[in-house]
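As structure tokens, the structure follows; a few thoughts come after it.
The values are calculated or read from the model by the stated rules, or taken from the named source; none is laboratory data. As the structure is a computational prediction, the values presented were derived from the model and not from experiment. Backbone-built Cβ (ideal geometry, glycine too); neighbour counts: all protein chains shown. SASA here: full protein model, heavy atoms, side chains in, ligands and nucleic acids out. Shrake-Rupley method; radii C 1.70, N 1.55, O 1.52, S 1.80 Å.
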Amino acid sequence: MLEGKLIRPLFKIFFLSEMSFNRYKDIIEEGDTVILYISPQAMYAIQAQSVIENRKGEKVENVMQTKYGALKISSLFGKPFGSKVSLSNGWAHVLYPTSELWTQTLPHRTQIIYTPDISLIMFMLELKPGSIVVESGTGSGSLTHSMAVRVKPTGHIYTYDFHEQRADQAQKEFKAHGLSENVTSQCRDVCQNGFSDDVTGKADAVFLDLPHPHLVVPFAIKALKPSGN
């Protein structure tokens with residue numbers, strides 16, 4: 001899983017309502033991200049919206065179909081996170097989202113890094129509150145979420161992806177999850193153009209998850225703090 005990434009000690013390189021993956025709230029409100037837990041093999045991240053648009057552009061009641069029957073999303077409003085909820089043919093639990101649960105349920109735009117490898121990466125990068133991290137590429141944002149929670153409240157993740165739609169969608173998710181103050185997502189081909197000037201000499205760590213990481217090493221060295229810490 002870690003092949004093709006530069007990891008210290010080589011260079012130390014490596015939506016609607018406001019909620020945060022790093023701050024708990026008790027009650028589900030419209031617009032919250034909610035983890036619907038049926039079993040370890042059946043978990044889903046859902047947006048708590050009472051009304052959605054169908055394929056014809058019509059506004060319809062938001063009803064989720066599961067293996068144990070239907071769930072009216074509006075029935076979640078006002079319930080405490082952690083509650084057991086009834087489906088038409090069974091039941092489930094509604095959980096507050098964490099970066100670990102998001103990794104298990106996020107929409108895959110690319111292959112992702114899972115929690116065991118994320119833990120090792122953050123340990124080897126020596127991430128702590130206040131750390132500045134440069135990441136490429138963003139992909140589905142699995143690692144980015146965990147790193148953002150780790151470096152809060154004063155740290156920041158600058159994450160890059162060459163695919164514009166992926167970068168834009170990731171930034172929308174960071175905002176919806178209360179992480180936009182700690183994450184900046186940009187569309188950029190770092191193999192050709194390096195990192196943006198605003199990270200030069202600021203990074204505590206750089207993580208590269210892309211096909212040709214060796215092309216980015218000179219730019220990564222430029223991004224790291226002069227002290228190398």
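Assorted remarks:
- Hey, Gly141 under 20 Å from Tyr158 (Cα atoms) and surrounded by 22 or more Cβ atoms within 10 Å (Cβ to Cβ) or not: yes
A quick yes/no check of all residues on (1) more than 23 Å from Lys222 (Cβ to Cβ); (2) open to solvent by 30 Å² or more (accessible area, probe 1.4 Å); (3) not assigned by the TED database to the domain that holds Cys191:
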{"site": "Asp117", "(1), (2), (3)": "yes, yes, no"}
{"site": "Ile121", "(1), (2), (3)": "no, no, no"}
{"site": "Met124", "(1), (2), (3)": "no, yes, no"}
{"site": "Leu127", "(1), (2), (3)": "no, no, no"}
{"site": "Ser131", "(1), (2), (3)": "no, no, no"}
{"site": "His145", "(1), (2), (3)": "yes, no, no"}
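- Qualifying positions in the range 6-38 - of a type outside the set (Phe, Trp, Tyr), at pLDDT 90 or above, assigned to a strand (DSSP E or B) and open to solvent by 30 Å² or more (accessible area, probe 1.4 Å): Ile27
- So Ile52, is it modelled with pLDDT under 95, part of a strand (DSSP E or B) and within 25 Å of the chain's Cα centre (by Cα): yes
- Residue check, Lys84 modelled with pLDDT under 95, over 16 Å from Arg150 (Cβ atoms) and not assigned by the TED database to the domain that holds Lys152: no
- Test for Ser75: is it surrounded by fewer than 19 Cβ atoms within 10 Å (Cβ to Cβ), over 20 Å from Thr33 (Cβ atoms) and at pLDDT 95 or above: no
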